[in-house]
1. List, in the order given, every pair from LYS63/LYS219; LYS473/LYS556; LYS310/LYS541; LYS499/LYS541; LYS206/LYS280 whose Cα-Cα distance in the structure shown is over 27 Å.
2. By its C-alpha gyration tensor, with a ≥ b ≥ c as the square roots of the eigenvalues, how is the range 205-331 shaped: rounded for a/c under 1.5, else prolate for a/b larger than b/c, else oblate?
3. With a 1.4 Å probe and all protein chains left in place, how much accessible area per residue does the range 67-194 have, in Å²?
4. Against the globular-protein guess of 2.2 N^0.38 Å, express the Cα radius of gyration of the range 68-184 as a ratio, rounded to two decimals.
5. Report the net charge of residues surrounding PHE246, where surrounding means a beta-carbon distance below 10 angstrom and charges are Lys +1, Arg +1, Asp -1, Glu -1.
6. Could you state, as a whole-number percent, how many of the C-alpha pairs of the range 1-66 are farther apart than 18 Å?
7. With a 10 Å radius around each residue's Cβ, average the other Cβ atoms per peptide and rank 88-95, 556-563, highest first.
8. Skip the ligands, DNA and RNA, and give the accessible area per residue of the range 205-331 with a 1.4 Å probe, whole Å².
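The values are calculated or read from the model by the stated rules, or taken from the named source; none is laboratory data. If you're wondering where the values come from, they're calculated on a predicted model, not measured in any experiment. Note that we place each Cβ from the backbone using ideal geometry, even for glycine, and neighbour counts take in every protein chain shown. Ligands, DNA and RNA are stripped out before the accessible areas are found, and what is left, the full protein with its side chains, is counted by its heavy atoms. Shrake-Rupley method; radii C 1.70, N 1.55, O 1.52, S 1.80 Å.
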Amino acid sequence: MSDIIHLLPDSVANQIAAGEVIQRPASVLKELVENSIDAGADTIHILIKNAGRTLIQITDNGKGMSETDARLAFERHATSKITDIADIYALQSLGFRGEALASIAAVAQVELRTRRSEDELGTLIEIAGSKVIRQEYVQCDVGTTMLVKNLFFNVPARRRFLKSDNVERIHLLNEFYRVALVHPQILFSFYDEDEELFHLPPSNLKIRIENIFGKSTKKRWEQQLLPVETSTPLAKIEGFIGRPEFALKSPYQYFFVNGRFMRHPYFHKAILMAYSQMIKAEESPNYFIYFQVDPATIDVNVHPTKTEIKFENEQAIWAILHAAIRETLGKYNVIPSINFNQEGAIDIPVIQPCDKIVPPQPSFNPSFNPFEASVYKRSSLDWEELYKGFEKNRPTTDSTLQWEQKVHPEDTDSGIALEKNQSLDTRENTSFLQLKNQYILTGIKSGLLLIHQRRAHIRILYEKFLQQLKHQKGASQQLLFPEFLEFSPEEALYFETLKKDLSNVGFIFRETKKNYYEITGIPGELDSININEFLVDLIEKFKLGQSITSEDVHHKLALSLAEASAIKAGQKLTGEEMSDLVNRLFICENPSLTPENEKILIILPLEEIENRF
Ligand code: ADP
Ligand code: MG
């Protein structure tokens, strides 16, 4: 038998290696922009087409390459940045592996134009699938322009693996933010097709943050960012943290070490702990933290895409970071001043020293027999059981009767519950009592029904909005004064994906210029809320979820709308309003739980009431 082992051709080896480095258009953008920064550029222009699928073009005014270097740059392990393994431990550049250009050229059609200041003429090289197609002299500016066309043209499997244009755009933007945030002194422009998404002039870091992430009422960077600065032999830490009241559900959180973006869950905890007790559980503070450490004390090699970085002195730096954050929070007098939602809080009476304390009087029923049938009636608290058999009775004309039935098991054989036909209450004489402006109380056959008014309303509105989203017929009300909204490019992408659903529920808006919207109509139910804040919040929520099905979008949207427009706990209701609310609740698919599975109803069974007497 002949030998079967052979060496893979370079083009195949490069394609395989490319799988590690180049996963999507965003990885190309990252590698090319990092090269431009390593080349000392202070102006970098980015252009993408088709979310980077058909074109990613980067132009810089860096030092350029000689004719030979331009050709060599595409070889695997070709780099000007290290010569020796020891160099890795004193690394100042972003690249060093010499893999990026070889990988990109293996899976795309690449065109390079480059010139050094000392050369008259520049070099043009065209490569596709690792094959040089042409190399010649050209007239061009000092610096480098890279065009990466038709990414994965020769790897259909990879191409299919790419996500929707909007998802790929978000990846591209995220990579862009990560470099633009480290180099506020560099001018960046970012074009998506013919549209300039970003023009970031050289500035200080605070202004760079504002230029990138926009300035909505939720952000106000100028106001919220507090400086952090500390210098120790182990690490120098600088940057900004956000005031606690600006914490977000999807916060802006960035760590960089030696000019490189990194993730660091352990350091992240140091920051969260410094903020403990200052922020609501589901929110997290904004931060932009820059570490400078001796390159020999970190290992940037641990992850192929190099975002997780190991520190030699992790615990000590954790403590330094934690202390620095606490110091800033203390220095700027950040005192917890958040109004937590009072809903559901227990009202604990304050005991005055002079009050006479009466010990609780235990009450018991001497004739109580735990084995009596009545005990099993407790299962009437099990709502799943309760509704069995009712669906088929719907709809009845008398909705009062209907909800009476809904809270009665049809087959109840208890001696206490009244027979179905003996329903006492009719619409006219059902009376409702409001307790603490929060709960609605009313008698039903099997006892006392307590309803959480806000949750009931959320359930009603949720189902209504869900219907509108499915069948597209929400009524609008015109706004007397239109609202204006400005989105950051990233927010605009999310808004884009929600536009159709929003207009289905009754929003009317128009894009006056790129990323600026004028809102002239809102859903009829959404009275008296801050539309601006509502929409910004909504986009926040969508940022959190990654892959979203249309069902999930509808659920989130309907829930947000319902929560924004439902009556609040603490709102006084008239008898008519209560009766209306209760009737509408019991036409709902699921009157017992909110969309987030919180209880809406409680029944105090008659026998329990009787036992207490
Ligand atoms: P690495 O960045 O790890 O060295 P790359 O494959 O990204 O590897 O680049 C290979 C080499 O090509 C770099 O070391 C650098 O010398 C040169 N190079 C790449 N991009 C540029 C650029 N925009 N300007 C000048 N030189 C560049
Ligand atoms: Mg590189």
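1. From LYS63/LYS219; LYS473/LYS556; LYS310/LYS541; LYS499/LYS541; LYS206/LYS280, over 27 Å: LYS63/LYS219; LYS310/LYS541.
2. It is prolate, given that a/c is not under 1.5 and a/b is the larger ratio.
3. 48 Å²
4. For the range 68-184, the normalised Cα radius of gyration is 1.21.
5. Here the charged neighbours net out to +2.
6. Beyond 18 Å sits 55 percent of the P(r) for the range 1-66.
7. 556-563, 88-95
8. Normalised by residue count, the accessible surface of the range 205-331 is 44 Å².
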